[in-house]
1. Report whether or not N222 is of a type in the set (S, T, N, Q), within 18 Å of S159 (Cα to Cα) and part of a helix (DSSP H, G or I).
2. Take M231 and tell me if it is under 27 Å from T59 (Cα atoms) and either touching a residue at least 12 places away in the same chain (Cβ under 8 Å) or surrounded by 14 or more Cβ atoms within 10 Å (Cβ to Cβ) (or both).
3. Checking G98 against (1) out of contact with any Ser or Thr (no Cβ under 6 Å at 6 or more places or on another chain); (2) at pLDDT 95 or above; (3) not hydroxyl-bearing (S, T, Y), only one condition comes out false. Which one?
4. Mind listing whichever residues of region 1-30 are closer than 20 Å to L90 by Cα and either loosely packed, with under 13 Cβ neighbours inside 10 Å or among the small types (G, A, S) (or both)?
5. Any chance you could count how many residues in region 125-155 are at pLDDT 95 or above, closer than 12 Å to D105 by Cα and polar (S, T, N, Q)?
6. Considering every residue within region 167-188, establish whether at least one is closer than 24 Å to D80 by Cα, touching a Lys or Arg at 6+ places or on another chain (Cβ under 8 Å) and aromatic (F, W, Y).
7. Kindly provide the set of residues from region 172-198 that are part of a loop (DSSP other than H, G, I, E, B), at pLDDT below 95 and surrounded by 12 or more Cβ atoms within 10 Å (Cβ to Cβ), ordered by number.
8. Considering only residues of region 64-97 that are surrounded by fewer than 18 Cβ atoms within 10 Å (Cβ to Cβ) and of a type in the set (G, A, S), which is nearest to V21 (Cα to Cα)?
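The values are calculated or read from the model by the stated rules, or taken from the named source; none is laboratory data. The structure displayed is predicted, hence computed values, not measured ones. With ideal geometry, Cβ positions are generated from the backbone for all residues, glycine too; neighbour counts draw on all protein chains shown.
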Amino acid sequence: MNPVENTIKIKGLIRQGWEEVASEYVKDRIGIFERSAIRLLEILSPLSNCALIDIGCGTGVLALQAKNWIGPKGKVIGSDIAASMVKLGLANTQGKNGIAFCQMDAEWMGFVDASFDIVVCAYSLFQFPDMKQALNEMIRIMKPGGKLGLSNWGPGYFSPIALLQRELFREYGIRPLLTNPIVIKPAELKRMLNEAGFASIEMIEETEPIWFTSPEQVWEFNMDMGPFPVMLREQLTKVKQRELIDRFKTMMEDLITEQGIKSTFHLLYAVAEKGG
């Protein structure tokens, strides 16, 4: 399989994963995506009446919050590669004028140059096989003087669970679908934004402690992330999947305290501008 065919296959698997988990992802079991959406908008402070696009919008959590900022005359568009996400976004924002959704590949956006005052992308950049191309599209569709807002997992993002999980997956020979790192270091993200032509780049690192109620809830949170179920299904037999899940839950039981299972989410926000 040549590199182009491989990229097409990977992108198809990622899309398939998000199509399958949309009805579970919309539950936002621990509320972190809504809280983070609110925080990103606080950092950006969108002006009223502006045009904003949320790339990789999922079920429309950020788009709905953004409409509260930009007012009745502003325009919000959510785009996602998964049709199921777009459908749920439409359902979640029903009755809200000025919000629209479309199914679109972030690496090839179907908008003319300089269409938006603000471009946001929450926890999606690393899921685009060609992150450089996606950033090029973001700056292309942004008006001169427009603002970019990104959120991503920062170093140590899901501590200590991510490390335990990574070691377990390595033991079972599970390979990630994407070569992009889930975690992007601030310096690396700043370099990528500079290369795409963004200016006035600012990085904000924050942490949020999360308490899971049970090993089952931790695993459900994992399975709400589109690529995970596809990875397991593609690479493990059903017997091995069951074995891995049991092993994972046993590991989580060792972390249980009176308050539950603690995990610290490390969050990275980036804001930038398009010069001109």
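1. On the way: of a type in the set (S, T, N, Q): yes; within 18 Å of S159 (Cα to Cα): yes; part of a helix (DSSP H, G or I): yes.
Yes, satisfied.
2. Values: under 27 Å from T59 (Cα atoms): yes; either touching a residue at least 12 places away in the same chain (Cβ under 8 Å) or surrounded by 14 or more Cβ atoms within 10 Å (Cβ to Cβ) (or both): yes.
Spelling it out, M231 is indeed under 27 Å from T59 (Cα atoms) and either touching a residue at least 12 places away in the same chain (Cβ under 8 Å) or surrounded by 14 or more Cβ atoms within 10 Å (Cβ to Cβ) (or both).
3. (2)
4. Answer for region 1-30, where residues must be closer than 20 Å to L90 by Cα and either loosely packed, with under 13 Cβ neighbours inside 10 Å or among the small types (G, A, S) (or both): G17, A22, S23, K27.
5. Of the residues in region 125-155, 1 are at pLDDT 95 or above, closer than 12 Å to D105 by Cα and polar (S, T, N, Q).
6. No, the conditions are met nowhere in region 167-188.
7. Within region 172-198, I174, P176, L177, L178, N180, P181, I182, I184, K185 meet the criteria.
8. Once the filter is applied, the top-ranked residue is A83.
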